[in-house]
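Inspection log for the structure reproduced underneath, given as structure tokens.
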Amino acid sequence: MKENKPEIPEEEQAADANATQETNDIKEEARLVDDIGTKLKEINEKYTRLYAEYDNYRRRTAKEKIELIKSGGEDVIISVLPVLDDMERALAHHKDTDDHKPLQEGLELICQKMVKILTARGVKPMGEKGEVFNPDLHEAITNLPAPSNDMKGKIMEVVEKGYTLNDKVIRHAKVVVGN
């Protein structure tokens, strides 16, 4: 016995096939839109990261450039400091004698000029007698018994001045500390 299936007219079959095809087309378009959205998000994330890296690079190089400008002549200044030290020692030695008054005056002028030039470039002396000893700024050559309790932990004598260039220590002060 054969089952009798009702026959579907060809027009309805064609309409069903078209509807199925349209549904498949819509699903395919939705999948493509999702793929494009995902790729767009990935590209946007890559762009954002790249922009952030570039911005960090730009800031870092600008900061390094400023640091280079600030401490550009550091090696020259360091090489000039011993000359300044020698002139200061000579002035201290010649203050006791009157025989070489013109020499002393000349040395004083040279020393003043050199100090003025270094100060204009951002060099500042540090390590004065009576200051509290700071290991970040001072180098203790030796410790001596303090003459009084208030001189304990303080600088009793400066053997060699220290200097900073734009608030960066370029030479530590060599000092004698009271204990």
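The values are calculated or read from the model by the stated rules, or taken from the named source; none is laboratory data. The shown structure was predicted, so the numbers you read here are calculated from the model rather than taken from an experiment. Virtual Cβ from ideal backbone geometry, glycine too; neighbours counted across all protein chains shown. All accessible areas refer to the heavy atoms of the entire protein, side chains included, with ligands and DNA or RNA removed. Shrake-Rupley method; radii C 1.70, N 1.55, O 1.52, S 1.80 Å.
Brief remarks on what is shown
- Pairs where the first residue, in segment 133-156, is over 11 Å from residue 172 (Cβ atoms) and open to solvent by less than 90 Å² (accessible area, probe 1.4 Å) and the second is hydrophobic (A, V, I, L, M, F, W, C) and part of a loop (DSSP other than H, G, I, E, B), C-beta under 8 Å, 6+ apart: 153/133; 154/133; 154/146; 155/133; 156/146
- The listed residues are 78, 69, and the only one of them that is assigned to a helix (DSSP H, G or I) and either loosely packed, with under 10 Cβ neighbours inside 10 Å or touching a residue at least 40 places away in the same chain (Cβ under 8 Å) (or both) turns out to be 78.
- Filter pass, residue 49 being over 30 Å from residue 171 (Cβ atoms) and within 22 Å of the chain's Cα centre (by Cα): no
- Looking across segment 114-149 at every residue that is in a helix (DSSP H, G or I) and either small (Gly, Ala, Ser) or more than 32 Å from the chain's Cα centre (by Cα) (or both), the one that is nearest to residue 79 (Cα to Cα) is identified as 120.
- The criterion of being surrounded by 11 or more Cβ atoms within 10 Å (Cβ to Cβ), touching a strand residue (DSSP E or B) at 6+ places or on another chain (Cβ under 8 Å) and of a type in the set (Gly, Ala, Ser) does not hold for residue 106.
- Remark: residue 53 falls outside the filter, which requires a residue to be among the charged types (D, E, K, R), farther than 30 Å from residue 122 by Cα and open to solvent by less than 100 Å² (accessible area, probe 1.4 Å).
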